[in-house]
Amino acid sequence: MRSEGAHSNPRPPDPPTSPGLQAFRFSIGDDEFVLFELPALRPLVQRPLPRVEAEVLRLVLAGCSNAEIARARGRSPRTVANQVARLFEKMGVHSRMELVARVTSGCAEGVA
């Protein structure tokens, strides 16, 4: 992409339009460039999960339902549902699929 009167000094970056994807325009000689930057996700969990939540997470990642987790842990399905809801909140997700994606993407430090 060429523009009339391009200069060799980089222009200051354009202000980001969202906290995610950012675009920076600059010129070198007669050439104009656009650089795109997408910041990496930062970990949501800054400290290890309590033992009980880590065990529930392990079973969710293994594909167990709340009823299966309840039977395996000797708890009521409602207790397990509450524990899973707390995991969703801590991880910033709304479904088991999102939870699995978040944990397996490496963006959940402290998850054992």
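The values are calculated or read from the model by the stated rules, or taken from the named source; none is laboratory data. No experiment lies behind these values; they were computed from the predicted model shown. Note that we place each Cβ from the backbone using ideal geometry, even for glycine, and neighbour counts take in every protein chain shown.
Select from the range 60-84 the residues that are at pLDDT below 95 and aliphatic (A, V, I, L, M) and list them in ascending order. Across the range 60-84, the qualifying residues are 60, 61, 62.
Within the range 76-94, residues that are within 16 Å of residue 47 (Cα to Cα) sit with their Cβ atoms under 8 Å from residues that are assigned to a helix (DSSP H, G or I) and among the aliphatic types (A, V, I, L, M), at 6+ positions apart or across chains, in these pairs: 87/56; 87/57; 87/60; 87/99; 88/99; 91/99; 91/103.
Among the residues of the range 88-104, those that are over 15 Å from residue 48 (Cα atoms), part of a helix (DSSP H, G or I) and among the aliphatic types (A, V, I, L, M) comprise 97, 99, 100, 101.
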